[in-house]
Amino acid sequence: MMKYFIDSILYSYSQIFFCNRRWFGVTALAATFLAPKIGAMALCGVVISNLTAHVLRFDKEKIKSGFYGFNGILFGAATTFYFELDLFLIFIALIFMVITFIVAAVLENYLATAFNLPGLSLPFIITLYIFVIFLTNYNHIVPALTTASDLKFYEYLPQSIKYYFQSFALILFQPNITSGILIALGILFFSRVLFLLSVAAFALNYFFLHFILPDQAETLIIISGFNSILTAFALGGSLIIPSRKSFVLVIISILMVVIITGFFYRILLTWYLPILVLPFNFVVLFTIYSLKFRSEYTDLVLLYFKPGSPEENYYYHHMRTSRFERFKHTFAELPFFGEWFVSQGFDGKYTHKEEWKYAWDFVVTDRDLKEYSNEGTSLTDYYCFRLPVAAPIEGEVVKVIDGIPSNKVGEVNISQNWGNTVILKHNEELYSTLSHLEANSIKVKEGNKIKRGEIIGACGNSGRSPYPHLHFQFQLTDKLGDKTYKFPFAQFLKKENNRYHLKTFNYPEENDIVQNVEIHKTVKEFFNFKLGSELKFQFEQDGEVRTENWEVKINLNNEFYIESSSGDIAYFYISDKIFYFTSYNGKKNSALYYFYLIAHQVPMCYHQNLYWEDDYSIAQLPAGVIRYLSEIFLMYKSLINAKGSLNFEEKSDHSNDIIFSNSIEIKGGFPFSFYRKNFSGKVILNDESKISEFNFSRNGKVIFRAKQL
Amino acid sequence: MAEKKKYERPIITKHYSGLMNKFGSRAAASPKSEIDGVPIKKLISEFGSPLFVFSERQIRSNQRNALRIFKTRYPKVQFAWSYKTNYLNAICSVFHQEGSWAEVVSEFEYDKARRLGVKGENIIFNGPHKSKEALLKAINEKAKIHIDHFDELYEIIEITTEMNLKANVAIRVNMDTGIYPKWDRFGFNYENGEAWQAIKRILSNKNLKLIGLHTHIGTYMMSADAYKIAASKLVNLARGIKDEFDLLLEYIDMGGGFASHNTLLGQYLPAEEVVPSIEQFADAISTGLFELPLKIDEMPLLILETGRALIDDAGYLLTTVLANKRLSTGQRAIIVDAGVNLLFTSFWYKHRISPAQESGIHVEDAALFGPLCMNIDCLSDGILLPALKKGEHLVIEYVGAYDTTQWMQFIMMRPNVVMVMEDGTVELIRKSEDLDYLLDREVIPDNLKSVK
């Protein structure tokens, strides 16, 4: 309870700077106490807000995250900053703190549900204006003259740098430069991206202000300064994934901040109201909201998940796109058995053009890539002729065209282009078509429900088909000859010399030799984690034998995860035949953590020569200090990347163990080209589908080893 | 300078005008002068005569073809090389490189496979005779043991209980598939319920894991339909096992027995015309197996133990003419240096035999005898061959299956065996035997040692 209470306070302080770290909360809290009265009132503000929320039974997780608390901090600090507090005023301020919470509860939630926008600090601004105007009813209120007490220590600093730190300090209504330095340092440690944005934002603000409003520059420099910094935080990295484009957006937004500050300065002057963070709120909310109306999403990506630091957001987003960009919830398989050759792929040279470009022609070839034996003059010379073709996904037969005779080799039937064809319906917007089938080979009837892999007919040479082949396409309707729809196969193996390459959510390309993935019972039994199942692991760490229990659970969003007995969580996803870990939260020395890294993606099959690849977020690897340095350039691009190469190992003698190994390489780009790290891992699965060992090595040395009990 | 024309000895041939048939007269045998580009002459001058020659290229393409044909018709397929068909190490190794497991029917074949590096779990142990020691080894090494009879089943139960081991087993099932002869001497019978009893007996024992069903309906099968019937019957058993015991079998082993393109003695039409193609066998088997009402990913692995059809046409026997003779009947006779000691299969095949060099266009009916001083040593009692001279060569084709396992050292020693590799080089894969090799195993009791 105490921890929850303290967390709710620290996270509230953190939130003001788009941060989610306790230690940063401590830093900010300390910074406010450089002016103790302001610090005390700010603390009072957050405590009252959170207590109110708690008493009124608001969502605990939200309270803990600082969602309701940070407006209270700002309000508490602002009251002391603007007024000399006496007992009466303190009493009024305490009441207003409750009001702050209520306004926050309304606004934050309303903006979130109605516009999917963050409430930012609007609640604080509104309550403070009400407070200030309300106080004009009294004559005895004395405005405070809060000034910096540490100016003399920083005389040697250039004025612009002092302004920069003061801008930081004033976000928390702190007059002192030291507070600003503390916060700036905290930001640097929390996120290089944010730090860089703060410097850039302040510099741009300085430039624009002197360029556009030279007469007001001295008056507005700090106000537009902290508005610029917060705006840059929001649009450059915290609410938008950091990128080159987000940086351009920051430049434009700061110009707007300067103009809007000039505007509010004029308007609010007449009411004797402070500008506060109004320009920041205004610019950010309008920009974010307007971006939601784009017809096409570019690489300017609004945050679509629970925010972390801009770096974490960046890694999460990029890992997700590289791993699951083409992900679909319908898992299609190749519509045949064995290895087939793609004789025409997308944008093919014969018929797969324009509206029909997303189609495949499949044939069977021999070791010399020939499609036929003998002379190839008779249909039966062709290897694929009369081979069974199967349903790629379960569904319903919606159209059957049969009875069109086979063409002789080299001839085509242009009046019945598609030849004997079956169209299958898989869901409301996914249909598949198998064409040029052999006459009278079709085994299904319209209306039949069919399973994936069920044979529907035989490959033939009917319609516009000079030699036997299977034409296959996905489409959006049940119309014969409708335009093709680009839809990936969930998983297939591509033959490369003597190896097989696992492709997931991908499209076979022309001249590829492809086949489906064959389930292997042992691998499937382990990785097909069932809800509620429990696993127990034993390992040695720091000289003692430890155990860790895992339990498979599911959350409200239907996401499966494994929770370890020490509270770590690894999310996973199973797409029919492939197991994926999607993300991990928790300690980086647990068995679950190492297993998450090694078994990042595992097909539930076994092929001796199969290999596959996967991308990692370097945030989840033990990457070291260099990673933090490289993040200075993150808005330009990620200079350090991590890739995993996985493969099954040959089985050893006398054992049915299935072993796969993973080698993860972290590689730096210029100027970090010297940076390279290698991790590797191995999972040994015995024939009872238990892990007899998994281990993780750094630079060839095993640093973790565990076994399933 | 133009090459000197070959001298052709005159022959007198009787004209049978009334016996013309619709296939026309048989043209003079075209010479088979090289194997995969290597001249026969060169092979014989280097490795002697007679000589067995295998083509690596042919073996690999046979195996790949067969695998392709089955895999494009059924989702999970595994071949297991039938050791008894040809267990020369080099031959087995080519098959293992192509991904085949080993199918053995004796302890020595089992050990041979193990020495070649085949893992226990990739060996199928068939056959009616497996010693206790062999069973124990196979159980320990996780081999797939195909039980042939109840006594073997009891022995396995005894071993596993005694030593607390787990055995992976399947049963061999025999059945009526409408063909003759009915092979009911191997395995448990389907129709009389013996197979089902054996299954129940296995499933009631915790040390035995029933992983598959096996049948092998015959050899040199001329009907593909029989395989469909056999597959359906195994499917019935598999369905029963699933319904009653909720157990999904790992595999169904359809054995082998596909006919090769060798023509049987007494067969009127050449084999190419009457023997079903591997495609037809594959269609029959997959159609039978798809009667199993399972999801595609739950279907059992299909194992095939094809031997003959994969190796027969990759083996050649080169032989040299020793003499020409005229028999009392007036029929010509040719004596060559390879006899039934090397060509056991001549007891049931009409082998294709071609001259290795250009010869005249006229052919004469000839009896072909081997070098043994035994009356049975007759390779063919009537074959049309052109005139041949002493020292000229003949190529006997389709001898890859069984000839180098059933050959014998009788009167003559066994000759060299070579393999023409894919890159055109020729490798010796079995050295010819000599007297030392023969005597090495012999022991003379002391009192017999002095020869006066």
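The values are calculated or read from the model by the stated rules, or taken from the named source; none is laboratory data. Just so we're clear, the structure is a prediction, and the values are computed from it rather than from any experiment. Neighbour counts are summed over all protein chains in view; Cβ atoms, including those assigned to glycine, are modelled from backbone coordinates with ideal geometry.
Rundown of residues vs (1) of a type in the set (A, V, I, L, M); (2) crowded, with 18+ Cβ neighbours inside 10 Å, yes/no style:
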| site | (1), (2) |
| --- | --- |
| A:Ala623 | yes, yes |
| A:Tyr628 | no, no |
| A:Ala642 | yes, yes |
| A:Asn656 | no, no |
| A:Phe704 | no, yes |
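How many residues does segment B:95-120 hold that are surrounded by 21 or more Cβ atoms within 10 Å (Cβ to Cβ), among the hydrophobic types (A, V, I, L, M, F, W, C) and part of a helix (DSSP H, G or I)?
The qualifying residues number 2.
Being closer than 20 Å to B:Gly218 by Cβ and outside any loop (DSSP other than H, G, I, E, B) is the filter here; which residues of segment B:70-94 pass it?
Within segment B:70-94, B:Phe70, B:Phe79, B:Ala80, B:Trp81, B:Ser82, B:Tyr83, B:Lys84, B:Thr85 meet the criteria.
Mind listing just one residue for me: the one in segment A:367-393 that is aliphatic (A, V, I, L, M) and away from chain B (no Cβ under 11 Å) and, of those, farthest from B:Glu98 (Cα to Cα)?
A:Ile393
Filter segment B:121-136 down to residues that are at pLDDT 95 or above and within 14 Å of another protein chain (Cβ to nearest Cβ) and give me whichever is surrounded by the most Cβ atoms within 10 Å (Cβ to Cβ).
This residue is B:Ile123.
Quick check on my filter: what residues within segment A:588-642 are assigned to a strand (DSSP E or B), under 23 Å from A:Leu300 (Cα atoms) and not hydrophobic (A, V, I, L, M, F, W, C)?
Scanning segment A:588-642 gives A:Asp615, A:Tyr616, A:Asn641.
So which of A:Phe560, A:Phe492, A:Phe539, A:Phe579 ends up being assigned by TED's automatic domain parsing to the domain that holds A:Glu371 and not polar (S, T, N, Q)?
Details: A:Phe560 fails: assigned by TED's automatic domain parsing to the domain that holds A:Glu371; A:Phe539 fails: assigned by TED's automatic domain parsing to the domain that holds A:Glu371; A:Phe579 fails: assigned by TED's automatic domain parsing to the domain that holds A:Glu371.
Selected residue: A:Phe492, the only one of A:Phe560, A:Phe492, A:Phe539, A:Phe579 that is assigned by TED's automatic domain parsing to the domain that holds A:Glu371 and not polar (S, T, N, Q).
Could you count how many residues in segment B:391-441 are of a type in the set (A, V, I, L, M, F, W, C), touching a residue at least 24 places away in the same chain (Cβ under 8 Å), under 22 Å from B:Ser45 (Cα atoms) and loosely packed, with under 15 Cβ neighbours inside 10 Å?
2
Looking at this structure, is A:Lys637 at pLDDT 90 or above and either assigned by TED's automatic domain parsing to the domain that holds A:Ile569 or aliphatic (A, V, I, L, M) (or both)?
no
Identify all residues within segment B:249-276 that are of a type in the set (S, T, N, Q) and assigned to a loop (DSSP other than H, G, I, E, B); write none if there are none. Walk me through it before giving the result.
We begin by selecting, within segment B:249-276, every residue of a type in the set (S, T, N, Q); these are B:260, B:262-263, B:267.
Correct list: B:Ser260, B:Asn262, B:Gln267.
Having 1 or more residues that are in contact (Cβ under 8 Å) with a residue 40 or more places away in the chain, within 14 Å of chain B (Cβ to nearest Cβ) and closer than 30 Å to A:Gln475 by Cβ is the bar; report the strands (runs of 3 or more DSSP E) wholly within segment A:489-561 that clear it.
In segment A:489-561, A:489-496, A:499-506, A:513-515 are the strands (runs of 3 or more DSSP E) which contain 1 or more residues that are in contact (Cβ under 8 Å) with a residue 40 or more places away in the chain, within 14 Å of chain B (Cβ to nearest Cβ) and closer than 30 Å to A:Gln475 by Cβ.
Kindly indicate whether B:Ser33 is modelled with pLDDT under 95 and assigned by TED's automatic domain parsing to the domain that holds B:Gly400.
Working: modelled with pLDDT under 95: yes; assigned by TED's automatic domain parsing to the domain that holds B:Gly400: yes.
Answer is yes for this residue.
So, A:Gly66, is that one at pLDDT 90 or above and either on the phi > 0 side of the Ramachandran plot or buried (at least 20 other Cβ atoms within 10 Å of the Cβ) (or both) or not? Show your work before the answer.
On the way: at pLDDT 90 or above: no; either on the phi > 0 side of the Ramachandran plot or buried (at least 20 other Cβ atoms within 10 Å of the Cβ) (or both): yes.
So A:Gly66 does not fit the description; no.
Could you tell me which of the residues A:Ile130, A:Ile141, A:Ile99, A:Ile126 is touching a helix residue (DSSP H, G or I) at 6+ places or on another chain (Cβ under 9 Å), part of a helix (DSSP H, G or I) and over 21 Å from A:Pro279 (Cα atoms)?
A:Ile99
Looking at segment A:326-351 only, could you name the residues that are in contact (Cβ under 8 Å) with a residue 60 or more places away in the chain and away from chain B (no Cβ under 14 Å)?
Those that are in contact (Cβ under 8 Å) with a residue 60 or more places away in the chain and away from chain B (no Cβ under 14 Å): A:Arg326, A:Phe327, A:Lys328, A:Thr330, A:Val342, A:Ser343, A:Gln344, A:Gly345, A:Phe346, A:Gly348, A:Thr351.
Restricting to segment A:562-602, and then to whatever is touching a Ser or Thr at 6+ places or on another chain (Cβ under 8 Å) and within 14 Å of chain B (Cβ to nearest Cβ), can you tell me which residue is farthest from A:Ile393 (Cα to Cα)?
A:Ile578
Pick out, from segment B:357-452, the strands (runs of 3 or more DSSP E) lying fully within it that include 1 or more residues that are within 16 Å of B:Ala323 (Cα to Cα).
Passing ranges, in order: B:363-369, B:378-386, B:393-397.
Check whether at least one residue in segment A:549-558 is more than 21 Å from A:Arg323 (Cβ to Cβ) and in contact with a helix residue (DSSP H, G or I) (Cβ under 9 Å, 6 or more places away or on another chain), and report yes or no.
Checking segment A:549-558: at least one residue is more than 21 Å from A:Arg323 (Cβ to Cβ) and in contact with a helix residue (DSSP H, G or I) (Cβ under 9 Å, 6 or more places away or on another chain).
Residues in segment A:285-336 that are part of a helix (DSSP H, G or I), surrounded by fewer than 20 Cβ atoms within 10 Å (Cβ to Cβ) and touching a Pro at 6+ places or on another chain (Cβ under 9 Å): how many?
The total comes to 1.
Could you please find all residues in segment B:64-108 being of a type in the set (Phe, Trp, Tyr) and more than 12 Å from chain A (Cβ to nearest Cβ)?
Selection gives B:Phe79, B:Trp81, B:Tyr83, B:Tyr87, B:Phe95, B:Trp101, B:Phe108.
So in segment A:369-420, with the set limited to residues that are among the small types (Gly, Ala, Ser) and farther than 18 Å from A:Ser441 by Cβ, which one is modelled with the highest pLDDT?
From segment A:369-420, those among the small types (Gly, Ala, Ser) are A:373, A:376, A:378, A:390-391, A:395, A:403, A:406, A:410, A:415, A:419; that's our starting set.
When the remaining residues are screened for being farther than 18 Å from A:Ser441 by Cβ, the result is A:373, A:376, A:395, A:410, A:415.
Details: A:Ser373: 89, A:Gly376: 89, A:Gly395: 94, A:Gly410: 91, A:Ser415: 90.
So the residue we want is A:Gly395.
I need the full set of residues from segment B:330-356 which are of a type outside the set (Ser, Thr, Tyr) and not in a loop (DSSP other than H, G, I, E, B), in order please. First the steps, then the outcome.
Applying the first criterion (of a type outside the set (Ser, Thr, Tyr)) to segment B:330-356 yields B:330-344, B:347-348, B:350-353, B:355-356.
Hits for segment B:330-356 are B:Arg332, B:Ala333, B:Ile334, B:Ile335, B:Val336, B:Phe344, B:Phe347, B:Lys350, B:Ile353, B:Pro355.
Which residue is farthest from the other protein chains (Cβ to nearest Cβ), if the candidates are limited to segment B:268-294 and must be in contact (Cβ under 8 Å) with a residue 40 or more places away in the chain and of a type in the set (Ser, Thr, Tyr)?
B:Thr287
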